[in-house]
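The values are calculated or read from the model by the stated rules, or taken from the named source; none is laboratory data. The structure displayed is predicted, hence computed values, not measured ones. Glycine gets a Cβ as well: all are built from the backbone with ideal geometry, and neighbour counts include every protein chain shown. Remember, those area values only see protein heavy atoms, side chains included, never the ligands or the DNA or RNA. Shrake-Rupley method; radii C 1.70, N 1.55, O 1.52, S 1.80 Å.
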Amino acid sequence: LNIEETVYLTKALVETGKTLNLNVHPIADKHCAGGVAGNRTTMVIVPVLAAAGIYIPKTSSRAITSPSGTADTMEVLAPVAFSIDEMREIVLKTKGCIVWGGGLYLAPVDDKFIRIRNSLHLDPRGLLLSSILAKKKAVGAEYVVVDIPIGRGAKVEDESTGKSLAKDFIEVGERLGMKIKCLITDGNDPIGFGIGPALECKDVLNVLQGNGPTELLDKSTLLAGSILEMVGKVPIGKGQETAINIIKSGKAYEKMMEIIEEQGGNPKIKVDDIPIGQYKYEVKAKKDGRISHVDNKLISKIARAAGAPKDKGAGIILHCEMGDKVRAGDILFEIVSNSESKLTHAIELLDEYFPVELQKIIIGKVE
């Protein structure tokens, strides 16, 4: 499809279903092109922007081939299935939400397209763009930030493809009346320590309390900061700093608890209250060296074998990232599950799909 055809298809998809009419401004949204394990930036971005007074009615998907979708992760903290009227009520009260998009009847024909694309293993550019932007248009988004991770194992593996995709996002968005900013980010290895619904929840809550994985904090505040700049809340170049300050002040965490409560969850939940798999297996380095790669696809495959996302407590806890030096016997990662048999299956897969590459270091050089 050319750009004009993509625009018309997007409009047609929106017209097949319901739309969210909030009658407020500004309304923001975000999207990630995908492929990076543990990339739960949405659950940090939404409370940051809502705390800053920006409406962000975020609809998210469940996992298809990953260990967890944003909806699966949020469901650990609160229900995510709502009607469009219930979603409107939540957003007007709190300015934000994180809900499952599958039950809202937003651009419903797109869901049929997705099933066809997945079964054929095809993702043509025109359908990809219209699928994503129809959902944004249906919730009334005026400002959208798109995260395009680039790297080995991510859905977009080279920069030229990423830039071309970004150009099309911006052009189609403009013709639909949305201002879009695309950020090319590093997608070479997982983000955060936890891979799997409950484990990713722990990372998110820790970040919102000023702790947690630095990479998740940095990427989330970069994306949130871009929206803050786009809507004119802060000067250009001050967005990320402002987003970090909103987290440091405790306002983002308070807003997340407010959203959790409005969605029917427990607003007093603590990180330690979130249960994870009772069966664990530590995977240790067999030699000294430096971590040269942590494969997103293989990490996801092992976490799914352990039971994620259906088993909310299953997944992987990472103890290393690309560039780390390790010694023989150091823990690289842990596999956790609530099923002994699934844990055993995940361990067996390591013989074929070992997700961490280790290079030997000789006198300061890597071999």
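Quick notes
- Which numbered condition residue 8 fails, given (1) without any contact (Cβ under 8 Å) to a residue 24 or more places away in the chain; (2) touching a helix residue (DSSP H, G or I) at 6+ places or on another chain (Cβ under 7 Å); (3) more than 16 Å from residue 197 (Cβ to Cβ): (2)
- Helices (runs of 4 or more DSSP H) fully within region 125-226 that include at least 2 residues being acidic (Asp, Glu) and touching a strand residue (DSSP E or B) at 6+ places or on another chain (Cβ under 7 Å): 197-208.
- Flag for residue 227 being open to solvent by less than 20 Å² (accessible area, probe 1.4 Å) and either within 26 Å of residue 356 (Cβ to Cβ) or small (Gly, Ala, Ser) (or both): no
- The conditions of being under 8 Å from the mean Cα position of the chain (by Cα), among the small types (Gly, Ala, Ser) and open to solvent by 10 Å² or more (accessible area, probe 1.4 Å) are not met by residue 53.
- Exactly one residue out of 17, 35 is on the phi > 0 side of the Ramachandran plot and either in contact (Cβ under 8 Å) with a residue 60 or more places away in the chain or hydrophobic (A, V, I, L, M, F, W, C) (or both): that is 35.
- Against the criterion of being β-branched (Val, Ile, Thr) and open to solvent by 40 Å² or more (accessible area, probe 1.4 Å), residue 45 does not qualify.
- Any hit, region 114-121, residues being surrounded by fewer than 20 Cβ atoms within 10 Å (Cβ to Cβ) and either at pLDDT 95 or above or charged (D, E, K, R) (or both): yes
- Cβ-Cβ distances below 9 Å connect the following pairs, each with a first residue in region 71-85 that is part of a loop (DSSP other than H, G, I, E, B), a second residue that is basic (Lys, Arg), and a separation of six or more residues or different chains: 75/62; 75/312; 76/312; 80/62.
- Exclusive hit being more than 20 Å from residue 67 (Cβ to Cβ), of a type outside the set (Asp, Glu), open to solvent by less than 10 Å² (accessible area, probe 1.4 Å) and touching a residue at least 60 places away in the same chain (Cβ under 8 Å), set 145, 207: 145
- Within region 76-93, the residues that satisfy the criterion of being out of contact with any helix residue (DSSP H, G or I) (no Cβ under 7 Å at 6 or more places or on another chain) and either open to solvent by 40 Å² or more (accessible area, probe 1.4 Å) or small (Gly, Ala, Ser) (or both) are 79, 83, 85, 86, 88, 89, 92.
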